[in-house]
Amino acid sequence: MLNSAVIFCGMPYPYFKLIIKGFFCAVILFFLQVGGLYAEGSKELAANGGYRAYLFSSSTVANSSFPFPTLGTVKVYVKAGESIYVGSSAQGIAGGTINLRAPDGNNYTSGTDVNTGNINSRAQEVAGPLPNAGGFTPFIKTAGAGQEGVWEIDFVAENPGTVLNGNPPTIPANANWTQPQAEYITAFDVSVRNASNSGFINGRVYTQVFSGILGTFNVGFNAIFHILTKDGYQYILNNNGQAGNGFTFFVNNKGFRGADGNASYKSINGLSANVNVQDPRVADTQTDITQKIFFNIPATDMPAVANTPGSATTWLLNTPVVPAISNVTFTGAEGTVGKAGTNPLGGNFNFNITGNGNYVIGIDINHNGVYSDAIDRKLTGQATTGGNQVYWDGLDGLGAKVAGNSSLSLQVDITIATTAGEVHFPFFDVERNVNGLLLTRTNGTYAPDDTLYWDDTPISIVGTPSNPVKNLTGLSSAINGHKWGTTTSIATNDADFGNNKSIDTWSYIKSKPVTTSVSFVMQEADLSVESITAVAACSGQPVVYKVVVKNNGPNNVTGAGFSFSFPNDISGVVVTSAATTGSSSTSGGAVVANAYHANLDIANGAVRTFTITGNIALATSGNLTVEAAVLRPADVTDPDATNPDAAIPTDPNNECDASPSGVGCNNVKTNTVNIAPGPNAGADQTIFEYAPATMAATGTGVFTQVAGDPLPATISTPASNTTIITGLDKVGLYHFVFTNANGCADTVVLKVIAADLQIPNVITPNNDGKNDTFKIVGLESYPGSQLTVFNRWGNEVYRSDNYKNDWSGTGLAEATYFYVLNRKEHTGEFTPVKGWVFLKLSK
């Protein structure tokens, strides 16, 4: 095998073939070197030659080289019954130890035993743990029931303090060492032993971030890693002599992010303090993924999801995802599917994709089936795996507002070129990378694929920059794996292109563009309260308001809100409405507290009138203000009453006063009237036919007679609150209205009865208020009547030519008297009426 491999790798291929095959030769030689021994950790990092990168171990030191420090933390997937074998070159030396955290929350430690868990030589590192021949004595922990999942393992150095203790000795990868007493782990190992204790299982150990130090600036790191992405793609990464003394790298799906949180696809002219990047130590989010760095090819028996410490889960081995687009919708800015208000509202395109990519959304503004006219709008940008939302402001390709048209849909063509298996390699403080990375994707479409991309244009040039500085079309990593810097023989020389910089290199699978379509309508309506008027406004009186509402278009509106707000002074409010012109209707109308609300459907150009009646409290005085408003529905733009804040409209004043229209609009109107005291026309009266009536009202106003009474009467002084009414010459009901300056009215009713005389036959003038005078009931209907009274001897004792019901027998003795009443008729003639009356005096 060894000889065959050497001959294969040493064949005199043409130069370009030799470069392409070189990486695979390195991989074959790597597996031949490790042979049948199993271990995962520093042995793999040192198996491809070059120089040793010590594992940085500190939870407190963070600097330009180590922006995301850990306690040398690696992770391993273990099933119940399997055992974890661990070892470290720092175990038992000046506090060096190994800590393990199980998925169920239990913690374990190797303690400070200098024998159990200590790797003390290169030979032990290569051999791995016992029972491998020549191996080190491992610290062993068997996963119990409920402990299947990802374990976290910290390799704690002898001195994980707050200050770095200088550079460690620089040694070749295959050389022996002396463990430095500092924050560095020379050798570490995690091996998984199967449940039957018959062998080790490779491909279970990974890390989220690798922080290493070479000890000098003029040697290279040749480690080979295996990258597993969340969407199931795998890469082999050969650091290929990367030189950076202290350095950090990890793998994620975005590299360095822009201000919008998406991938910037650029390197950064600075270090962690100025870099927007997902912290590889924290849990993934829906859109920010830290890919996993394995020390061997990921094992095929791992699940898609596994438990982790802290009652969380993480992804592991997934089937590669085929790029696709789904769930494409358009929703107005306020949440209405398939509908949007015109500018300034607009709406959002929503879609899901299975890989990162770029989108082009074309909107056919002029409805001609072509999406490339100048007036058509084109939206472009980056999309990320999962859900995406792209906002459109309602403007066309020329910057003009797209008109509302609820009967004609806008057609939209969406094209998305997605990517999959996207990996970014953010390198921090790597001064030189003279050979470039060797990266090959091993599964998925077009595999194997070794294409790399980068853009170093933001970096200030010091030393030897990458060439080209910008590579967005893709280059084979076997030819140019993103090289920068120049080889140096000076161990302290850090002055090169990558010094104190953050450099990104990335790769992905390009998919065939996916195209889909969606349609939606634009809506706009200028709703207005045309007028609000009060018919009457007096205390203790009914009040009637008329509110006229109009839709000035251009679109019909469904589900607008009409409201009428009133103070506590008005009670018993009842609202009715009717279409004045055009088509309109209401639903759900109700009075709650001090407001009436109803849903309003109103066509373009239609007018609807609301009639609101209520009663004004008797104690009310001064100004009384009410408000009527019409509120646009969600995702219908009202030109002067739209708040573009994406919140569903609920407050007409908030919509009315918002930018860009500014304060005030025609959707809200108020009405203020001065409440006058309610008029009182006086009590209703019953009078005899032909008799005059005296009216006594309170307040100021004018008396008028209601049409339809038995006869028109005469009001002597209509504008006075006290007046005489005559002409009540016919039996029936007479109505007189007293109206004040506010138009409020009160009505008094005069009941006119037949004027038949009722003549008493006894009077008792004792001042008790009863029968004190000779009172002839009904005589007031016959003014000018004459009365003559005689004693029993025929002598006249009293006479009146216009009797006023005032004779009391003054000066006469108690006796029976006789009278003659000449009743004066309305014709002027007299009709005699004779009779007697007994004058009874008190004893």
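The values are calculated or read from the model by the stated rules, or taken from the named source; none is laboratory data. In this text the structure is predicted, and so the values were computed from the model without any measurement. A quick note on method: Cβ atoms are made from the backbone with ideal geometry, for glycine too, and the neighbour counts reach across all protein chains shown.
Within segment 560-618, the residues that satisfy the criterion of being outside any loop (DSSP other than H, G, I, E, B), hydrophobic (A, V, I, L, M, F, W, C) and under 17 Å from residue 650 (Cβ atoms) are 560, 562, 564, 590, 592, 595, 598, 600. Within segment 327-344, residues that are assigned to a strand (DSSP E or B) sit with their Cβ atoms under 6 Å from residues that are hydroxyl-bearing (Ser, Thr, Tyr) and modelled with pLDDT under 95, at 6+ positions apart or across chains, in these pairs: 328/516. Looking only at residues in segment 302-332 that are modelled with pLDDT of 95 or more and among the aliphatic types (A, V, I, L, M), the one that is farthest from residue 289 (Cα to Cα) is 302. Taking the criterion of being in a loop (DSSP other than H, G, I, E, B), modelled with pLDDT of 90 or more and not hydrophobic (A, V, I, L, M, F, W, C), the residues of segment 377-425 that qualify are 393, 394, 396, 397, 399, 404. Screening 187, 243 for residues that are crowded, with 24+ Cβ neighbours inside 10 Å and modelled with pLDDT of 95 or more leaves exactly one candidate, 187. Criterion applied to 414, 459 was being touching a residue at least 12 places away in the same chain (Cβ under 8 Å), closer than 30 Å to residue 487 by Cα and surrounded by fewer than 23 Cβ atoms within 10 Å (Cβ to Cβ), and the one residue passing it is 459. Those strands (runs of 3 or more DSSP E) of segment 465-532 in which 1 or more residues are of a type outside the set (Asp, Glu) and buried (at least 20 other Cβ atoms within 10 Å of the Cβ) occupy 506-510, 514-523.
In this structure, residue 170 does not satisfy being without any contact (Cβ under 8 Å) to a residue 60 or more places away in the chain, of a type in the set (Ser, Thr, Tyr) and at negative phi. Evaluating residue 540 against the criteria (1) in a strand (DSSP E or B); (2) over 19 Å from residue 526 (Cβ atoms); (3) among the small types (Gly, Ala, Ser) leaves one unmet condition, (1). Applying a threshold of 8 Å to beta carbon distances and a minimum spacing of six or more residues, or different chains, the list of pairs starting in segment 77-106 at a residue that is touching a residue at least 24 places away in the same chain (Cβ under 8 Å) and ending at one that is surrounded by 24 or more Cβ atoms within 10 Å (Cβ to Cβ) and of a type in the set (Lys, Arg) reads 77/204; 78/204. Being over 20 Å from residue 91 (Cα atoms), crowded, with 23+ Cβ neighbours inside 10 Å and under 52 Å from the mean Cα position of the chain (by Cα) is not true of residue 105.
The residues of segment 247-262 that are surrounded by fewer than 24 Cβ atoms within 10 Å (Cβ to Cβ) and not aromatic (Phe, Trp, Tyr), listed by number, are 257, 258, 259, 260, 261, 262.
Restricting 817, 803 to those that are touching a Ser or Thr at 6+ places or on another chain (Cβ under 8 Å) and modelled with pLDDT of 90 or more reduces the list to 803. Across segment 656-686, what is the total count of residues that are charged (D, E, K, R) and either more than 23 Å from residue 567 (Cβ to Cβ) or in a loop (DSSP other than H, G, I, E, B) (or both)? Looking only at that region, the number is 2.
Counting only strands (runs of 3 or more DSSP E) that fall entirely inside segment 692-748 and contain at least 2 residues that are among the polar types (S, T, N, Q), the qualifying elements are 702-705, 722-726. Taking the criterion of being buried (at least 20 other Cβ atoms within 10 Å of the Cβ) and modelled with pLDDT under 95, would at least one residue in segment 231-238 satisfy it? Within segment 231-238, one or more residues are buried (at least 20 other Cβ atoms within 10 Å of the Cβ) and modelled with pLDDT under 95.
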